[in-house]
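Enquirer: Here it is: the structure, laid out below.
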Amino acid sequence: QVQLVESGGGSVQAGGSLRLSCAASGRTFSTYAMGWFRQAPGKERDFVAAISSSGGITYYADSVKGRFTISRDNAKNTVYLQMNSLKPEDTADYYCAADRRRGVVLSTSWLEYDYWGQGTQVTVSS
């Protein structure tokens with residue numbers, strides 16, 4: 001049983017930065033791969049970034065590569081998404097998710113993730 005709580009969203013101008021945090025409950029956080037997804041109103045849920053359980057492997061959607069950085073602090077049961085050079089098209093609700101599978105390639109599909117946070121809103125104005 002895992003609970004994920006996102007925070008750090010807000011409204012910024014294009015070119016600005018935000019740092020999202022996702023705090024997890026439980027003692028098994030360090031065994032989960034973690035991902036960030038985002039969803040705009042009326043749109044599909046899109047993959048943003050993922051990180052392996054140890055933090056040794058990361059993967060990014062092409063749309064955010066070079067601008068966003070995913071990281072984790074297993075001692076704090078927290079995963080982060082540092083978002084720089086934000087664009088209006090980054091506007092969405094951002095969700096963190098946990099994948100319980102072990103020894104597999106990082107997934108870009110929301111179907112592979114088992115636990116989800118409630119989301120935090122990011123609005124980027126031009």
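The values are calculated or read from the model by the stated rules, or taken from the named source; none is laboratory data. What you are looking at is a predicted structure, and each value in this text was computed from that prediction instead of being measured. Here the Cβ positions follow ideal geometry from the backbone for every residue, glycine too, while neighbour counts run over all protein chains shown. Ligands, DNA and RNA are stripped out before the accessible areas are found, and what is left, the full protein with its side chains, is counted by its heavy atoms. Shrake-Rupley method; radii C 1.70, N 1.55, O 1.52, S 1.80 Å.
Enquirer: Out of (1) over 23 Å from residue 3 (Cβ atoms); (2) in contact (Cβ under 8 Å) with a residue 24 or more places away in the chain, what's the single condition that is false for residue 117?
Expert: Of everything listed in (1) over 23 Å from residue 3 (Cβ atoms); (2) in contact (Cβ under 8 Å) with a residue 24 or more places away in the chain, residue 117 misses just condition (1).
Enquirer: Right, another one. So which residues in the range 44-102 are more than 12 Å from residue 30 (Cα to Cα), among the small types (Gly, Ala, Ser) and buried (at least 17 other Cβ atoms within 10 Å of the Cβ)?
Expert: Within the range 44-102, 49, 50, 92, 97 qualify.
Enquirer: Now a separate question. Identify the residue in the range 103-113 that is open to solvent by 70 Å² or more (accessible area, probe 1.4 Å) and not β-branched (Val, Ile, Thr) and, among all such residues, is modelled with the lowest pLDDT.
Expert: 103
Enquirer: Next question, about the same structure. All but one of (1) in a strand (DSSP E or B); (2) touching a helix residue (DSSP H, G or I) at 6+ places or on another chain (Cβ under 7 Å); (3) surrounded by fewer than 16 Cβ atoms within 10 Å (Cβ to Cβ) hold for residue 37; state the number of the condition that does not hold.
Expert: Evaluating residue 37 over (1) in a strand (DSSP E or B); (2) touching a helix residue (DSSP H, G or I) at 6+ places or on another chain (Cβ under 7 Å); (3) surrounded by fewer than 16 Cβ atoms within 10 Å (Cβ to Cβ) leaves (3) as the failure.
Enquirer: Does residue 115 meet the test of being on the phi < 0 side of the Ramachandran plot and under 12 Å from the mean Cα position of the chain (by Cα)?
Expert: No.
Enquirer: Being over 12 Å from the mean Cα position of the chain (by Cα) and in a strand (DSSP E or B) is the filter here; which residues of the range 20-34 pass it?
Expert: 24
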